Amino acid sequence: MRELLYALRFGLPLLAVVTNLSAYTHTVKKGDTLYSLSRAHGVSVEVIVKANPNINAAALRVGQTIEIPGQPNVTGSGTTSPPAVSVTGGGVPTVHVVKKGDTLTAIAKQHKVTVSDLTAWNKLASPQINTGQKLKVSAPPLTVTSTMSATVSGTDAVSASVKPAPPAKPLTVIQPPPEKYLFVSRVKKQIDAPKISRQWKYIVVHHSGSRRGNAAIFEYDHRRRGMENGLAYHFIIGNGTDSGDGEIEIGGRWRRQLKGGHLRTELTENGVEINETAIGICLVGDFEKDRPTRKQIAALIELVNYLNKRAVAAGYAKPRFTVHGTIHPRHTDCPGKNFPKAALFRMFGAGSGE
């Protein structure tokens, strides 16, 4: 599925395969999670959760039956299998050998491509490159094959192969400097989409208290507990279980600039509920027992810095950084004894109660 999305990003037309769509039934095996099932079947976690309202989204059981919506259904007797998608490359892309003084921006400009293209083609984790390093500076031709098969009496497998259209002539543009954000850059447009419509005075960090989970799972649980606006937090940072390690997920409260639901309602400041002015960030994990991953901490630092930047750009002061147990010490020890609270306070400044 990741390869298919990569192909679609470069504008490859796909031949539509017409069939009736219904739910595909999956029996849970050891090690299955909603995140792994969503990746395997090409549907979002949110869609799976909505199709299975009676499951415990945070704890799947081996042998449990789950419906996966949107899979092919062929009329007749027998069983269907989900679509298999493969992408293969043909030809050899042009290679640039890095010289002393080269930068991704300079190389991209020289070969009339973008820095994002270079990063994707070479699977770069950072803009750092080394002398002598070989970089692909053009995409290989791709062939996309989509196969849908069904074990049905009298029905054959359906397949379609499509070759890419010729690439458009590259435009000559002035390339911006490389992004300084590795995690925020993936969701920057979503963070920037809403206009900041209230003065956020605090950024409060929590842990989920569970060793796994993601925004969709917590959204489902919070609504089941009667929270009208769903997910209590504005942002979730995954730990690699049900979302990517360090992956930042944007909650509906940020998109709609709604108050948080992550602090107790009796916690007030000058008679105003602190939830009204507190951005909630939740890291997936139980940090009484475990430690946050390095990527989670790196993503958190980036997110806090970027939210500070957004607040200042909107004409407000930077929100004060704090954690749940500091702003409400008599209620909780969240985010746990293994969270590096002291180091982050030194970095961002002490919040309320420190």
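The values are calculated or read from the model by the stated rules, or taken from the named source; none is laboratory data. Quick caveat, the model's predicted, so the values are computed rather than measured. Ideal geometry is used to build each Cβ from the backbone, glycine not excepted, and the neighbour counts take in all protein chains shown.
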Test result for Phe339, closer than 25 Å to Ala193 by Cβ and either in the same structural domain as Thr293 (by TED's automatic domain parsing) or in contact (Cβ under 8 Å) with a residue 24 or more places away in the chain (or both): no
So Gly238, is it in contact with a strand residue (DSSP E or B) (Cβ under 8 Å, 6 or more places away or on another chain) and surrounded by 24 or more Cβ atoms within 10 Å (Cβ to Cβ): yes
In segment 268-305, the residues that are hydroxyl-bearing (Ser, Thr, Tyr), modelled with pLDDT under 95 and outside any strand (DSSP E or B): Thr277
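For every residue, the table says whether it meets (1) out of contact with any helix residue (DSSP H, G or I) (no Cβ under 6 Å at 6 or more places or on another chain); (2) of a type in the set (Gly, Ala, Ser); (3) crowded, with 18+ Cβ neighbours inside 10 Å; (4) not assigned by TED's automatic domain parsing to the domain that holds His206.
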residue: Glu288; (1), (2), (3), (4): yes, no, no, no
residue: Arg291; (1), (2), (3), (4): yes, no, no, no
residue: Ala299; (1), (2), (3), (4): yes, yes, yes, no
residue: His324; (1), (2), (3), (4): yes, no, yes, no
Checking Arg198 against (1) touching a Ser or Thr at 6+ places or on another chain (Cβ under 8 Å); (2) more than 30 Å from Leu60 (Cβ to Cβ); (3) surrounded by 17 or more Cβ atoms within 10 Å (Cβ to Cβ), the condition it does not meet: (3)
Residues of segment 101-121 satisfying the condition of being under 12 Å from Lys136 (Cβ atoms), in a helix (DSSP H, G or I) and either without any contact (Cβ under 8 Å) to a residue 24 or more places away in the chain or within 26 Å of the chain's Cα centre (by Cα) (or both): Asp117, Leu118, Thr119, Ala120, Trp121
Residue in segment 112-140 that is nearest to Asp102 (Cα to Cα), counting only those that are surrounded by 15 or more Cβ atoms within 10 Å (Cβ to Cβ) and β-branched (Val, Ile, Thr): Ile129
Qualifying residue in segment 201-219 (condition: surrounded by fewer than 18 Cβ atoms within 10 Å (Cβ to Cβ), closer than 26 Å to Val272 by Cβ and of a type outside the set (Asp, Glu)): no
Given (1) among the hydroxyl-bearing types (Ser, Thr, Tyr); (2) closer than 23 Å to Asn56 by Cα; (3) surrounded by fewer than 23 Cβ atoms within 10 Å (Cβ to Cβ), index of the condition Thr277 fails: (2)
